[in-house]
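The values are calculated or read from the model by the stated rules, or taken from the named source; none is laboratory data. Not measured: the values here are computed from a predicted model. Ideal geometry is used to build each Cβ from the backbone, glycine not excepted, and the neighbour counts take in all protein chains shown. Just so you know, the surface numbers come from the protein's heavy atoms only, side chains and all, with ligands and any DNA or RNA stripped out. Shrake-Rupley method; radii C 1.70, N 1.55, O 1.52, S 1.80 Å.
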Amino acid sequence: MQLKKSKTYKEQVEILRNKGLKINDSSNVISFLNHVNYYRFSGYFLPFISKTDK
């Protein structure tokens, strides 16, 4: 079984931008992700994602 390679904080910021999150200061987002974790934060997106977006 092959595991996915983890993303850097910069790559995670780009993923968030691609999902439509407006980011003014990526350094603040990187600091936030360093403390919170992308996957924990991404759980808060669920109510805002339509069923057709996946």
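Here are some notes:
- For the chain, the helices (runs of 4 or more DSSP H) that sit wholly inside it and include 1 or more residues that are among the charged types (D, E, K, R) are 9-18, 38-42.
- Checked against the criterion of being open to solvent by 100 Å² or more (accessible area, probe 1.4 Å) and within 11 Å of the chain's Cα centre (by Cα), region 21-34 contains not a single residue that satisfies it.
- Considered as a group, the residues in region 1-20 that are farther than 14 Å from residue 39 by Cβ and touching a residue at least 12 places away in the same chain (Cβ under 8 Å) include one that is least open to solvent (accessible area, probe 1.4 Å), and that residue is 13.
- Filter result (surrounded by fewer than 11 Cβ atoms within 10 Å (Cβ to Cβ) and of a type in the set (A, V, I, L, M, F, W, C)) within region 37-51: 46, 48
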